[in-house]
Structure formats: C-alpha cells, structure tokens
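S.K.: To start, I am sharing the structure in question, which I have written as structure tokens.
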Amino acid sequence: MVMVMAQAATGVAVGLCFMSCAVFLSPVSFRPDRDPALIQLLSDLGWLYYMMFLPMLYLQDFLITSIILSDRREQPLIPRWMAWINFVLPLGWFGGLGVHCAHSGPFAWNGAITFWLATACYVVQIVINIPVYWVAAGKIPQS
C-alpha cells in the first residue's frame, strides 16, 4: 500500500511540474510585446523545467515497476512484461538530465537525444500503458 500511495504522490508531483511549465510559458504568448530578453528568459525557464522534472517520472516508473512485479498471483492484474516496459523505456529519458549544459546539438533542450529520443520513448510507453491499464481497470472486482 505504501508503494501505491508513493506512486500516486509522484503522479501528483508530475502533474504539478507540467502545470509549472505552463505557468512559465503562458506569459510568453500572453504578452508577446515584452522585452525580448524577458521572453527568452521565460521561454528558457519553461522548456528547461519541462526537461528537468524527469527524476520524478523515473521515480514514478520505478514504483510502477515494483508494484507490478510485487503482484504474486498466478494471473497478475497487469502482465509482468509491463514492468519491463516501464523500466526500459524511461532509460531513453536520461539525456534530458543534462539539458542545461548545452545550447545546441543533440544534447540541447530541442536536440535529438534530450528532446526527441525522450519524447519518443515517453509516447511509446504511454501508447502501450493506456490500453493495458484500461483492461486491468475492468478486471478489478467491485466490492
């Protein structure tokens, strides 16, 4: 139960991080006539924050993996191979942790490794997770 509550807490934290990105990026589009340096600052804050909250996602996926593998039933609610999906695909996000160190190239915030590889791994993970969790939610007995 502790892992379930910790996973839920990390889910809330991830949601707050996404909202924080919007808080930084919204003023950029709301008042585009501001000083260009200020617009660039807010834009940088928004995009860097977007890439730097990855440790919270790592923790969430580690907890999901642990919860799936801890189900000892012969027919687990969520297939065990899903644990490995939630463990392996986030490895593609590690490039995002160094996003603040490069201005251009594959390790920049919009680079091939930090943005595109991380985004592709995340999208693949979500596309696999949603239908499996949807089916698993239908298997939960009503009390």
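The values are calculated or read from the model by the stated rules, or taken from the named source; none is laboratory data. None of these values were measured; they are calculated from a predicted model. Counting neighbours? That spans all protein chains shown, and the Cβs are built from the backbone with ideal geometry, glycine included.
S.K.: Could you list, in sequence order, all residues of the range 17-55 that are acidic (Asp, Glu) and loosely packed, with under 13 Cβ neighbours inside 10 Å?
M.R.: 33, 35
S.K.: Could you list, in sequence order, all residues of the range 112-121 that are surrounded by 15 or more Cβ atoms within 10 Å (Cβ to Cβ) and out of contact with any Gly (no Cβ under 6 Å at 6 or more places or on another chain)?
M.R.: 115
S.K.: Are there any helices (runs of 4 or more DSSP H) wholly within the range 53-139 with 1 or more residues that are more than 21 Å from residue 8 (Cα to Cα), at pLDDT 95 or above and over 13 Å from the mean Cα position of the chain (by Cα), and if so which?
M.R.: 81-88
S.K.: Which one of 108, 83 is within 18 Å of residue 119 (Cα to Cα), touching a Ser or Thr at 6+ places or on another chain (Cβ under 9 Å), surrounded by 11 or more Cβ atoms within 10 Å (Cβ to Cβ) and not charged (D, E, K, R)?
M.R.: Exactly one of 108, 83 is within 18 Å of residue 119 (Cα to Cα), touching a Ser or Thr at 6+ places or on another chain (Cβ under 9 Å), surrounded by 11 or more Cβ atoms within 10 Å (Cβ to Cβ) and not charged (D, E, K, R), namely 108.
S.K.: Let me ask something else about it. Select from the range 3-16 the residues that are closer than 23 Å to residue 66 by Cα and either under 13 Å from the mean Cα position of the chain (by Cα) or crowded, with 16+ Cβ neighbours inside 10 Å (or both) and list them in ascending order.
M.R.: 6, 7, 10, 11, 12, 13, 14, 15
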